[in-house]
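Read the structure below first, then the notes.
The values are calculated or read from the model by the stated rules, or taken from the named source; none is laboratory data. Predicted, not measured: the structure shown is a model, and the values here were computed from it. Note: ideal-geometry Cβ built from the backbone for every residue, glycine included; neighbour counts use all protein chains shown.
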Amino acid sequence: MTAPVLSVNAPRLIADLTDLGCIGRVEAGGINRTSFSAADTEARGWYLARCAEAGLSVRQDGVGNLIVSSPAVAAEIAARPAVWSGSHLDTVPNGGQFDGALGALAALECLRRIHEEGIELQRPVCAIMYTDEEGSYAHLLGSSALARGFSRAELEAMVGRDGDRFVDTFTAAGGDLDAAAQTRIDPGALHATVELHIEQGPTLEEQGIQIGVVSGIVGLGGGVVTFLGRADHAGTTPMSQRRDALVAAGAFVVALPEIAARISDRAVITCGMVSVRPGSANVIPESAQVSVDFRHPEQGQVEALEAAIRDTARNIAAQYGLQVGIDLEESIPPAPLDRGVQKIIAARAAARGLSSVSMPSGAGHDSQNLAPLVPTGMIFVPSIEGRSHCPEENTSWEDVENGANVLLDTLIQLAGG
Ligand code: HGY
Ligand code: MN
Ligand code: MN
(Lines give C-alpha, C1' and ligand atoms only; values in the text may rest on other atoms or scores of the structure.)
(Ligands and ions follow the chains in the order given, each with its own letter.)
Protein backbone atom coordinates (compact mmCIF):
# COMPACT_ATOMS: atom_id res chain seq x y z
CA MET A 1 0.00 0.00 0.00
CA THR A 2 1.47 3.37 -1.01
CA ALA A 3 2.22 5.82 1.81
CA PRO A 4 0.59 9.30 1.76
CA VAL A 5 2.67 11.76 -0.28
CA LEU A 6 1.18 14.95 1.13
CA SER A 7 -0.92 16.17 4.06
CA VAL A 8 -3.30 19.08 4.45
CA ASN A 9 -2.26 22.22 6.29
CA ALA A 10 -4.52 21.54 9.28
CA PRO A 11 -4.08 24.91 11.07
CA ARG A 12 -5.03 26.70 7.83
CA LEU A 13 -8.10 24.50 7.32
CA ILE A 14 -9.17 25.01 10.95
CA ALA A 15 -8.68 28.78 10.62
CA ASP A 16 -10.82 28.74 7.47
CA LEU A 17 -13.61 26.75 9.15
CA THR A 18 -13.48 29.10 12.13
CA ASP A 19 -13.57 32.24 9.95
CA LEU A 20 -16.42 30.93 7.82
CA GLY A 21 -18.24 29.94 11.02
CA CYS A 22 -18.43 33.64 11.94
CA ILE A 23 -20.36 34.48 8.75
CA GLY A 24 -24.08 34.36 9.47
CA ARG A 25 -23.61 33.56 13.16
CA VAL A 26 -26.75 34.59 15.04
CA GLU A 27 -27.57 35.28 18.67
CA ALA A 28 -29.42 31.98 18.96
CA GLY A 29 -25.95 30.41 18.68
CA GLY A 30 -26.22 28.86 15.24
CA ILE A 31 -25.50 30.00 11.70
CA ASN A 32 -28.11 31.48 9.36
CA ARG A 33 -26.53 31.26 5.95
CA THR A 34 -29.48 30.21 3.85
CA SER A 35 -28.80 30.41 0.14
CA PHE A 36 -28.90 33.86 -1.50
CA SER A 37 -29.14 35.54 1.93
CA ALA A 38 -26.71 38.38 2.69
CA ALA A 39 -24.67 35.95 4.80
CA ASP A 40 -24.52 33.39 1.97
CA THR A 41 -23.37 36.10 -0.42
CA GLU A 42 -20.72 37.18 2.10
CA ALA A 43 -19.58 33.54 2.46
CA ARG A 44 -19.25 33.17 -1.30
CA GLY A 45 -17.21 36.37 -1.43
CA TRP A 46 -15.03 35.09 1.40
CA TYR A 47 -14.54 31.76 -0.44
CA LEU A 48 -13.64 33.56 -3.68
CA ALA A 49 -11.09 35.65 -1.78
CA ARG A 50 -9.48 32.45 -0.43
CA CYS A 51 -9.31 31.09 -4.00
CA ALA A 52 -7.74 34.31 -5.28
CA GLU A 53 -5.27 34.40 -2.40
CA ALA A 54 -4.20 30.86 -3.34
CA GLY A 55 -3.79 31.81 -7.00
CA LEU A 56 -6.57 29.50 -8.16
CA SER A 57 -8.94 29.96 -11.12
CA VAL A 58 -12.70 30.04 -10.55
CA ARG A 59 -15.48 29.41 -13.03
CA GLN A 60 -19.09 30.09 -12.10
CA ASP A 61 -21.80 28.13 -13.92
CA GLY A 62 -25.34 29.24 -14.73
CA VAL A 63 -26.82 28.49 -11.30
CA GLY A 64 -23.85 29.84 -9.37
CA ASN A 65 -21.97 26.61 -8.66
CA LEU A 66 -18.28 27.49 -8.34
CA ILE A 67 -15.65 25.27 -9.96
CA VAL A 68 -12.11 25.98 -8.77
CA SER A 69 -8.89 24.70 -10.28
CA SER A 70 -5.24 25.44 -10.66
CA PRO A 71 -4.77 27.99 -13.49
CA ALA A 72 -2.20 25.67 -15.04
CA VAL A 73 -4.85 23.01 -15.64
CA ALA A 74 -7.91 25.23 -16.12
CA ALA A 75 -7.37 25.28 -19.87
CA GLU A 76 -7.01 21.50 -20.02
CA ILE A 77 -10.15 20.57 -18.11
CA ALA A 78 -12.15 20.18 -21.28
CA ALA A 79 -9.60 17.72 -22.62
CA ARG A 80 -8.86 15.68 -19.50
CA PRO A 81 -11.71 14.39 -17.33
CA ALA A 82 -11.35 15.99 -13.91
CA VAL A 83 -11.72 14.76 -10.34
CA TRP A 84 -14.19 16.91 -8.41
CA SER A 85 -14.53 17.42 -4.71
CA GLY A 86 -16.67 19.82 -2.75
CA SER A 87 -19.84 20.54 -0.90
CA HIS A 88 -21.85 23.64 0.04
CA LEU A 89 -21.51 26.88 2.02
CA ASP A 90 -25.22 27.47 2.65
CA THR A 91 -26.84 26.29 5.90
CA VAL A 92 -30.31 25.51 7.17
CA PRO A 93 -31.84 28.28 9.33
CA ASN A 94 -29.94 28.40 12.64
CA GLY A 95 -27.73 25.52 11.47
CA GLY A 96 -24.26 24.37 12.42
CA GLN A 97 -20.67 25.13 11.51
CA PHE A 98 -19.64 21.93 9.73
CA ASP A 99 -22.46 20.74 7.44
CA GLY A 100 -21.24 21.53 3.94
CA ALA A 101 -18.51 23.88 5.17
CA LEU A 102 -16.20 20.98 5.99
CA GLY A 103 -16.44 19.40 2.55
CA ALA A 104 -16.22 22.70 0.68
CA LEU A 105 -13.20 23.99 2.60
CA ALA A 106 -11.39 20.65 2.85
CA ALA A 107 -11.65 20.30 -0.95
CA LEU A 108 -10.23 23.81 -1.33
CA GLU A 109 -7.43 22.93 1.11
CA CYS A 110 -6.58 19.76 -0.84
CA LEU A 111 -6.47 21.74 -4.09
CA ARG A 112 -4.25 24.40 -2.45
CA ARG A 113 -1.80 21.73 -1.25
CA ILE A 114 -1.64 20.08 -4.67
CA HIS A 115 -1.22 23.49 -6.33
CA GLU A 116 1.38 24.94 -3.96
CA GLU A 117 3.49 21.76 -3.98
CA GLY A 118 3.27 21.60 -7.77
CA ILE A 119 2.16 17.95 -7.60
CA GLU A 120 1.87 16.59 -11.12
CA LEU A 121 -1.27 14.55 -11.71
CA GLN A 122 -2.65 12.86 -14.79
CA ARG A 123 -6.05 14.51 -14.26
CA PRO A 124 -7.07 17.95 -12.98
CA VAL A 125 -8.49 18.20 -9.46
CA CYS A 126 -11.29 20.76 -9.00
CA ALA A 127 -12.85 22.09 -5.80
CA ILE A 128 -16.60 22.62 -6.10
CA MET A 129 -19.06 24.78 -4.20
CA TYR A 130 -22.69 23.88 -4.92
CA THR A 131 -25.54 26.43 -4.82
CA ASP A 132 -28.52 25.99 -2.45
CA GLU A 133 -27.80 22.49 -1.20
CA GLU A 134 -30.13 22.99 1.74
CA GLY A 135 -33.08 23.77 -0.49
CA SER A 136 -34.14 27.29 0.31
CA TYR A 137 -35.62 26.99 -3.20
CA ALA A 138 -35.06 23.33 -4.18
CA HIS A 139 -33.19 20.63 -2.29
CA LEU A 140 -29.75 20.09 -3.88
CA LEU A 141 -30.52 22.82 -6.42
CA GLY A 142 -26.99 23.31 -7.77
CA SER A 143 -26.25 19.64 -8.38
CA SER A 144 -29.78 18.94 -9.63
CA ALA A 145 -29.22 21.61 -12.26
CA LEU A 146 -25.97 19.93 -13.24
CA ALA A 147 -27.37 16.42 -13.31
CA ARG A 148 -30.86 16.75 -14.78
CA GLY A 149 -31.32 20.47 -15.45
CA PHE A 150 -34.29 22.74 -14.73
CA SER A 151 -36.53 24.17 -17.42
CA ARG A 152 -37.26 27.90 -17.35
CA ALA A 153 -40.81 27.06 -16.27
CA GLU A 154 -39.54 24.99 -13.34
CA LEU A 155 -37.23 27.79 -12.24
CA GLU A 156 -40.05 30.31 -12.56
CA ALA A 157 -42.31 28.15 -10.39
CA MET A 158 -39.80 27.83 -7.53
CA VAL A 159 -40.88 29.55 -4.34
CA GLY A 160 -38.51 29.93 -1.41
CA ARG A 161 -38.88 28.97 2.21
CA ASP A 162 -39.71 32.60 2.92
CA GLY A 163 -42.34 32.81 0.17
CA ASP A 164 -40.15 34.74 -2.28
CA ARG A 165 -39.83 33.66 -5.92
CA PHE A 166 -36.52 32.12 -7.01
CA VAL A 167 -36.47 34.20 -10.19
CA ASP A 168 -36.68 37.45 -8.24
CA THR A 169 -33.97 36.53 -5.77
CA PHE A 170 -31.74 34.98 -8.41
CA THR A 171 -31.92 37.85 -10.87
CA ALA A 172 -31.48 40.41 -8.07
CA ALA A 173 -28.26 38.55 -7.22
CA GLY A 174 -27.10 38.99 -10.84
CA GLY A 175 -28.18 35.56 -12.08
CA ASP A 176 -29.32 34.94 -15.67
CA LEU A 177 -32.37 32.67 -15.89
CA ASP A 178 -31.53 31.44 -19.40
CA ALA A 179 -28.04 30.47 -18.29
CA ALA A 180 -29.53 28.72 -15.24
CA ALA A 181 -31.94 26.77 -17.45
CA GLN A 182 -29.05 25.71 -19.70
CA THR A 183 -26.79 24.52 -16.89
CA ARG A 184 -25.83 20.85 -17.30
CA ILE A 185 -22.75 18.84 -16.65
CA ASP A 186 -20.98 16.90 -19.38
CA PRO A 187 -20.38 13.57 -17.61
CA GLY A 188 -17.53 12.92 -20.03
CA ALA A 189 -15.66 15.86 -18.46
CA LEU A 190 -15.56 14.09 -15.10
CA HIS A 191 -13.46 11.12 -14.00
CA ALA A 192 -14.78 10.86 -10.43
CA THR A 193 -16.17 12.91 -7.55
CA VAL A 194 -15.59 12.64 -3.78
CA GLU A 195 -17.27 14.62 -1.01
CA LEU A 196 -16.12 14.86 2.60
CA HIS A 197 -18.94 15.49 5.08
CA ILE A 198 -19.75 15.19 8.74
CA GLU A 199 -21.81 12.08 9.47
CA GLN A 200 -24.70 14.08 11.03
CA GLY A 201 -25.70 10.99 13.04
CA PRO A 202 -24.29 9.01 15.98
CA THR A 203 -22.89 5.81 14.36
CA LEU A 204 -19.18 6.64 14.05
CA GLU A 205 -18.95 8.14 17.53
CA GLU A 206 -20.87 5.26 19.12
CA GLN A 207 -18.62 2.70 17.40
CA GLY A 208 -15.42 4.67 18.06
CA ILE A 209 -14.55 4.69 14.33
CA GLN A 210 -12.71 7.55 12.63
CA ILE A 211 -13.83 7.35 9.00
CA GLY A 212 -17.14 6.39 7.39
CA VAL A 213 -16.98 5.05 3.84
CA VAL A 214 -20.42 5.87 2.47
CA SER A 215 -22.05 2.98 0.63
CA GLY A 216 -25.13 4.86 -0.60
CA ILE A 217 -27.33 7.91 -0.06
CA VAL A 218 -30.98 7.90 0.89
CA GLY A 219 -33.73 8.86 -1.61
CA LEU A 220 -35.44 12.20 -0.95
CA GLY A 221 -38.93 13.47 -1.54
CA GLY A 222 -40.67 16.58 -0.32
CA GLY A 223 -42.85 19.57 -0.95
CA VAL A 224 -45.90 21.25 0.55
CA VAL A 225 -49.49 20.25 1.28
CA THR A 226 -52.04 23.08 1.58
CA PHE A 227 -55.44 22.62 3.23
CA LEU A 228 -58.05 25.20 2.21
CA GLY A 229 -61.01 25.92 4.48
CA ARG A 230 -62.94 29.07 5.27
CA ALA A 231 -62.06 32.09 7.37
CA ASP A 232 -64.72 32.89 9.97
CA HIS A 233 -65.13 34.59 13.30
CA ALA A 234 -63.44 32.75 16.18
CA GLY A 235 -66.10 33.75 18.67
CA THR A 236 -69.36 33.39 16.76
CA THR A 237 -68.89 30.36 14.51
CA PRO A 238 -70.17 27.19 16.23
CA MET A 239 -67.64 24.38 16.38
CA SER A 240 -69.93 22.21 14.23
CA GLN A 241 -69.97 24.79 11.40
CA ARG A 242 -66.27 25.45 10.99
CA ARG A 243 -64.03 24.62 8.08
CA ASP A 244 -60.77 25.07 9.94
CA ALA A 245 -57.76 24.43 7.70
CA LEU A 246 -55.32 24.14 10.59
CA VAL A 247 -57.29 21.43 12.39
CA ALA A 248 -57.11 19.31 9.22
CA ALA A 249 -53.41 20.11 8.76
CA GLY A 250 -52.85 19.07 12.38
CA ALA A 251 -54.55 15.71 11.78
CA PHE A 252 -52.35 15.26 8.69
CA VAL A 253 -49.14 15.98 10.59
CA VAL A 254 -50.14 13.55 13.34
CA ALA A 255 -50.67 10.88 10.67
CA LEU A 256 -47.14 11.24 9.22
CA PRO A 257 -45.31 9.04 11.78
CA GLU A 258 -47.99 6.38 11.28
CA ILE A 259 -47.40 6.44 7.52
CA ALA A 260 -43.64 6.05 8.01
CA ALA A 261 -44.12 3.14 10.43
CA ARG A 262 -46.55 1.41 8.05
CA ILE A 263 -44.16 1.64 5.08
CA SER A 264 -40.90 0.57 6.72
CA ASP A 265 -38.79 1.02 9.84
CA ARG A 266 -36.23 2.78 7.62
CA ALA A 267 -38.74 5.38 6.38
CA VAL A 268 -38.67 8.90 7.85
CA ILE A 269 -41.14 11.74 7.35
CA THR A 270 -40.79 15.25 8.76
CA CYS A 271 -42.97 18.33 8.79
CA GLY A 272 -40.66 21.25 9.62
CA MET A 273 -42.73 24.23 8.48
CA VAL A 274 -46.32 25.32 9.06
CA SER A 275 -47.85 28.47 7.63
CA VAL A 276 -51.37 29.61 8.55
CA ARG A 277 -53.43 32.31 6.85
CA PRO A 278 -54.72 34.86 7.46
CA GLY A 279 -52.82 34.42 10.72
CA SER A 280 -54.83 35.99 13.53
CA ALA A 281 -55.77 34.51 16.91
CA ASN A 282 -59.41 35.48 16.41
CA VAL A 283 -59.84 34.23 12.82
CA ILE A 284 -60.47 30.58 11.95
CA PRO A 285 -57.61 29.60 9.61
CA GLU A 286 -58.59 29.71 5.97
CA SER A 287 -55.47 27.98 4.75
CA ALA A 288 -52.76 25.91 6.39
CA GLN A 289 -49.68 24.88 4.50
CA VAL A 290 -47.34 22.21 5.87
CA SER A 291 -44.04 21.01 4.50
CA VAL A 292 -43.23 17.33 4.10
CA ASP A 293 -39.79 15.76 3.78
CA PHE A 294 -39.74 12.00 3.31
CA ARG A 295 -36.85 9.62 2.79
CA HIS A 296 -36.03 5.96 2.28
CA PRO A 297 -32.96 4.09 1.00
CA GLU A 298 -35.06 2.32 -1.71
CA GLN A 299 -36.75 4.13 -4.59
CA GLY A 300 -39.84 1.89 -4.46
CA GLN A 301 -40.39 2.88 -0.86
CA VAL A 302 -39.87 6.59 -1.62
CA GLU A 303 -42.68 6.19 -4.15
CA ALA A 304 -44.81 4.28 -1.62
CA LEU A 305 -44.29 7.09 0.90
CA GLU A 306 -45.32 9.68 -1.66
CA ALA A 307 -48.48 7.74 -2.57
CA ALA A 308 -49.42 7.27 1.09
CA ILE A 309 -48.86 10.97 1.84
CA ARG A 310 -51.08 11.98 -1.11
CA ASP A 311 -53.85 9.54 -0.08
CA THR A 312 -53.77 10.63 3.54
CA ALA A 313 -53.91 14.33 2.64
CA ARG A 314 -56.90 13.74 0.35
CA ASN A 315 -58.72 11.57 2.89
CA ILE A 316 -58.25 14.07 5.71
CA ALA A 317 -59.36 16.96 3.50
CA ALA A 318 -62.53 15.01 2.58
CA GLN A 319 -63.15 14.12 6.22
CA TYR A 320 -63.03 17.79 7.22
CA GLY A 321 -64.90 19.05 4.15
CA LEU A 322 -61.91 21.01 2.82
CA GLN A 323 -59.95 21.29 -0.39
CA VAL A 324 -56.32 20.27 -0.53
CA GLY A 325 -53.41 21.17 -2.82
CA ILE A 326 -50.48 18.77 -2.97
CA ASP A 327 -47.30 20.18 -4.48
CA LEU A 328 -44.41 17.72 -4.26
CA GLU A 329 -41.03 18.21 -5.95
CA GLU A 330 -39.66 15.53 -8.24
CA SER A 331 -38.00 13.05 -5.87
CA ILE A 332 -34.23 12.57 -5.87
CA PRO A 333 -33.51 8.84 -6.12
CA PRO A 334 -31.37 6.91 -3.65
CA ALA A 335 -27.82 6.61 -4.95
CA PRO A 336 -25.48 3.67 -4.42
CA LEU A 337 -21.92 5.02 -4.42
CA ASP A 338 -19.10 3.65 -6.56
CA ARG A 339 -17.49 0.51 -5.14
CA GLY A 340 -14.09 1.33 -6.62
CA VAL A 341 -14.05 4.77 -4.96
CA GLN A 342 -15.22 3.17 -1.68
CA LYS A 343 -12.28 0.76 -1.83
CA ILE A 344 -9.83 3.60 -2.42
CA ILE A 345 -11.24 5.60 0.54
CA ALA A 346 -11.02 2.57 2.87
CA ALA A 347 -7.47 1.83 1.73
CA ARG A 348 -6.36 5.46 2.11
CA ALA A 349 -7.83 5.56 5.62
CA ALA A 350 -5.97 2.34 6.51
CA ALA A 351 -2.72 3.76 5.10
CA ARG A 352 -3.01 6.59 7.62
CA GLY A 353 -3.74 4.13 10.43
CA LEU A 354 -7.38 5.24 10.69
CA SER A 355 -10.27 2.89 11.41
CA SER A 356 -13.12 2.90 8.90
CA VAL A 357 -16.54 1.37 8.38
CA SER A 358 -18.93 1.13 5.45
CA MET A 359 -22.18 2.98 6.17
CA PRO A 360 -25.20 4.49 4.42
CA SER A 361 -26.13 8.18 4.50
CA GLY A 362 -29.55 9.18 5.82
CA ALA A 363 -28.84 12.79 4.88
CA GLY A 364 -29.06 14.03 1.33
CA HIS A 365 -25.96 15.29 -0.48
CA ASP A 366 -25.09 16.78 -3.85
CA SER A 367 -23.07 13.62 -4.46
CA GLN A 368 -26.29 11.67 -5.00
CA ASN A 369 -27.01 13.72 -8.10
CA LEU A 370 -23.53 13.09 -9.49
CA ALA A 371 -23.44 9.38 -8.58
CA PRO A 372 -25.58 8.11 -11.49
CA LEU A 373 -23.34 9.98 -13.96
CA VAL A 374 -19.80 9.52 -12.70
CA PRO A 375 -18.00 7.28 -10.14
CA THR A 376 -18.73 9.03 -6.84
CA GLY A 377 -17.67 8.49 -3.24
CA MET A 378 -18.24 10.11 0.13
CA ILE A 379 -16.16 10.21 3.29
CA PHE A 380 -17.80 10.76 6.69
CA VAL A 381 -16.18 11.92 9.92
CA PRO A 382 -17.84 11.68 13.36
CA SER A 383 -20.40 14.18 14.57
CA ILE A 384 -20.23 14.80 18.31
CA GLU A 385 -23.35 13.28 19.89
CA GLY A 386 -24.66 12.82 16.35
CA ARG A 387 -26.08 16.35 16.33
CA SER A 388 -26.59 18.27 13.08
CA HIS A 389 -28.84 20.94 11.52
CA CYS A 390 -28.65 22.69 14.88
CA PRO A 391 -26.21 25.06 16.63
CA GLU A 392 -24.73 22.16 18.64
CA GLU A 393 -23.39 20.49 15.47
CA ASN A 394 -19.70 19.76 16.14
CA THR A 395 -16.75 17.64 15.03
CA SER A 396 -13.32 17.49 16.68
CA TRP A 397 -10.42 19.21 14.90
CA GLU A 398 -8.61 15.87 14.93
CA ASP A 399 -11.44 14.27 12.96
CA VAL A 400 -11.52 17.29 10.61
CA GLU A 401 -7.81 16.79 9.89
CA ASN A 402 -8.19 13.00 9.48
CA GLY A 403 -11.08 13.37 7.06
CA ALA A 404 -9.30 16.05 5.03
CA ASN A 405 -6.17 13.92 4.75
CA VAL A 406 -8.14 10.88 3.59
CA LEU A 407 -9.84 13.14 1.06
CA LEU A 408 -6.47 14.45 -0.16
CA ASP A 409 -5.03 10.94 -0.55
CA THR A 410 -8.19 9.76 -2.33
CA LEU A 411 -8.13 12.71 -4.74
CA ILE A 412 -4.46 12.18 -5.54
CA GLN A 413 -5.04 8.50 -6.24
CA LEU A 414 -8.12 9.17 -8.39
CA ALA A 415 -6.24 11.88 -10.27
CA GLY A 416 -3.50 9.40 -11.08
CA GLY A 417 -0.81 10.72 -8.74
O1 HGY B 1 -31.50 17.68 4.19
C2 HGY B 1 -30.45 17.04 4.02
O3 HGY B 1 -30.34 15.84 4.19
C4 HGY B 1 -29.21 17.77 3.66
O5 HGY B 1 -28.61 18.24 4.80
N6 HGY B 1 -29.37 18.77 2.70
MN1 MN C 1 -27.62 19.89 5.73
MN1 MN D 1 -24.54 19.01 3.84
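Just one of the numbered conditions (1) more than 16 Å from ligand 2 (Cβ to nearest atom); (2) touching a residue at least 12 places away in the same chain (Cβ under 8 Å); (3) polar (S, T, N, Q) is not true of N369: (1). Taking segment 187-229 as the range and being surrounded by fewer than 22 Cβ atoms within 10 Å (Cβ to Cβ), hydroxyl-bearing (S, T, Y) and under 26 Å from R148 (Cα atoms) as the test, only S215 passes.
The combined condition, being outside the structural domain of A157 (by TED's automatic domain parsing), of a type in the set (G, A, S) and surrounded by fewer than 16 Cβ atoms within 10 Å (Cβ to Cβ), is fulfilled by A281.
Against the definition (basic (K, R), at pLDDT 95 or above and more than 30 Å from V83 (Cα to Cα)), how does R277 come out, yes or no? Here the answer is yes, as R277 does meet what is asked. Select from segment 121-153 the residues that are more than 16 Å from ligand 2 (Cβ to nearest atom), over 14 Å from Q60 (Cα atoms) and buried (at least 18 other Cβ atoms within 10 Å of the Cβ) and list them in ascending order. Residues satisfying the conditions are L121, R123, P124, V125, A147, F150.
With respect to being touching a Leu at 6+ places or on another chain (Cβ under 6 Å), under 25 Å from G135 (Cβ atoms) and either within 16 Å of ligand 2 (Cβ to nearest atom) or assigned to a strand (DSSP E or B) (or both), V290 falls outside the description. Mind listing whichever residues of segment 183-217 are among the small types (G, A, S) and either closer than 23 Å to V374 by Cα or within 16 Å of ligand 2 (Cβ to nearest atom) (or both)? Matches in segment 183-217: G188, A189, A192, G201, G212, S215, G216.
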